[in-house]
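Here is the structure we will look at.
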Amino acid sequence: MPVLSKKEITRRRFISKVGGGIVGASVSGMLLKDANAQQLVVPDPPGKKLGWAIVGLGSLSIHEILPAFAKCEKSKVVAFVSGHPDKANKLALRYGVNPKNIFNYQNYDTIKDNPEVDIIYIVLPNGMHAEYTVRGLQAGKHVLTEKPMANTPAECQQMIDASRKAGRKLMVAYRCRYEPYNREAIRITRSHELGATKVILADHGFNIGDPTQWRLKKDLAGGGSLMDIGIYSLQAARYLSGEEPNEVNAVMYNTPGDPRFKEVEETINFQLRFPSGVLANCTSSYGYAGQNHYRVVGTEGWLELDPATSYRGLRMRVYRGNVTEERELPVRDHFALEMDHMSECVMENKEPLTPGEEGLRDLKVMMAIYEAANTGKTAKL
């Protein structure tokens, strides 16, 4: 008889006891039923994944987008475009990107000769979106660009035209349109579970730091807090109402002498009137403590997300019938969801939920907001 180690004896006794217990319990069927209920659901292995090139290896790419590929079902990172070879090579080692698939901004156009790249994700300052999107489309690749789509409506239209000419998909990275909490807020609001919507309140802002950063440069950012964080308030008003505004009023304020706001606005408050009569009051700021929430007020209740558009930790409260409840939904990675949506649209030749035309609509409204703030008059859309 072989000599068994103490560990092996313990393991065998455990298996014996568990096996005996299951056999005994199988008579009544109680334990087997419970055991079946506790079985883990093993996900299917991933199917085909499209290859992505990330253009711009800044903080968003490093801390959010690249880690999200681990949660993607239809997308994989295969290439980088960066002006910093040391950074690109280090990230290539981490994410298994072939060094031959590292491009810079000078040889970017040669990406057309790389069959591994199906989709390009533009993660650059706003003022560079149009150029690198158009060049990517001309290289025969599909393009996802960060929001805002560009600095001006004219640039947005240029990008849309390039997409049509190339016969390639163009999508704007409105990640909140793909995650469960915002999608549920849209469903509840548009289904009139809260009665007819009367008012939407949306507030986004934070206290921005380094005065030399690109977000505070007009040519790179296109504007200040409205173009960056304020677009979340604007988007919320538009996707919750399901309408396009026809009138805009706005006021802006910059703290006198603050070196951060020499070129762009600090705080802006804007009001939107929608055709159905829904009114939205929205604020964005680079000058106060973090705000990230919206509330929809209807004739029979209200809904609130706070935080509403952060990468993590979203919370929903719904008030109806004199009862306020907090609703919990699955937590999903926003970037993985939006990238897989883009990959699916390419695979199945479908129109993205947030195509270039959606980005153009935002830019037109933002230009009207600036007009209203600068003239003190209502801007018509």
Excluding residues fewer than 8 positions from K217 in its own chain, the aspartates and glutamates with Cα under 19 Å of it are E131, E146, E155, D228, D258, E263, E265, E266
Given unit charges at Cβ for Lys, Arg (+) and Asp, Glu (-), the dipole magnitude of the chain about its Cα centre in debye, nearest 20, is 1360
Counting only DSSP beta bridges fully inside the range 50-174, the antiparallel percentage to nearest 5 is 0
In degrees, nearest 10, the alpha-carbon axis of helix 153-166 is tilted away from the dominant principal axis of the alpha carbons of the chain by 50
Taking K112, K76, K48 and counting other beta carbon atoms within 10 angstrom, the fewest-first order is K48, K112, K76
If unit charges are put on Cβ atoms (+1 for Lys and Arg, -1 for Asp and Glu) and the dipole of the chain is taken about its Cα centre, the option from V97, A308, H84 lying farthest towards the positive end turns out to be V97
Dividing the helical contributions, -39500 (n - 2.57) per DSSP H run of n ≥ 4, by the residues of the chain yields a 222 nm value, nearest 500 deg cm²/dmol, of -11000 deg cm²/dmol
Computed over all unlike Cα pairs, the Kirkwood hydrodynamic radius of the chain in Å stands at 23.3
For the range 310-323, in residue order, the Karplus 3J(HN,Hα) values (coefficients 6.51, -1.76, 1.60; θ = phi - 60°; whole Hz; Gly and Pro = x) are 5, 5, 9, x, 5, 9, 10, 10, 10, 10, 7, x, 6, 10
So, relative contact order of the range 50-174 in percent, Cα under 8 Å, 6 or more apart, is 23
For the range 231-337, the dipole about the Cα centre with charges only on Cβ (Lys and Arg +1, Asp and Glu -1), to the nearest 20 debye, works out at 160
Taking L93, L66, L170 and counting other beta carbon atoms within 10 angstrom, the fewest-first order is L93, L66, L170
antiparallel share of DSSP beta bridges within the chain, to nearest 5, in %, is 60
Dipole check, the chain, charges on Cβ (K,R +1; D,E -1), about Cα centroid: among G209, W52, I369 the Cα furthest to the positive pole belongs to W52
Once both label points are put 7 Å beyond Cα along the C-beta direction, the T110-T378 separation in nm becomes 5.8
Exposure proxy check on H293, H129, H334: fewest-to-most Cβ neighbours within 10 Å is H293, H334, H129
With +1 on the Cβ of every Lys and Arg and -1 on the Cβ of every Asp and Glu, the dipole magnitude of the range 275-381 about its Cα centre, in debye rounded to the nearest 20, is 520
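Only the coordinates and a few stated rules stand behind these numbers; no lab work does. As the structure is a prediction and not an experimental result, all values here were calculated from the model. Ideal geometry is used to build each Cβ from the backbone, glycine not excepted, and the neighbour counts take in all protein chains shown.
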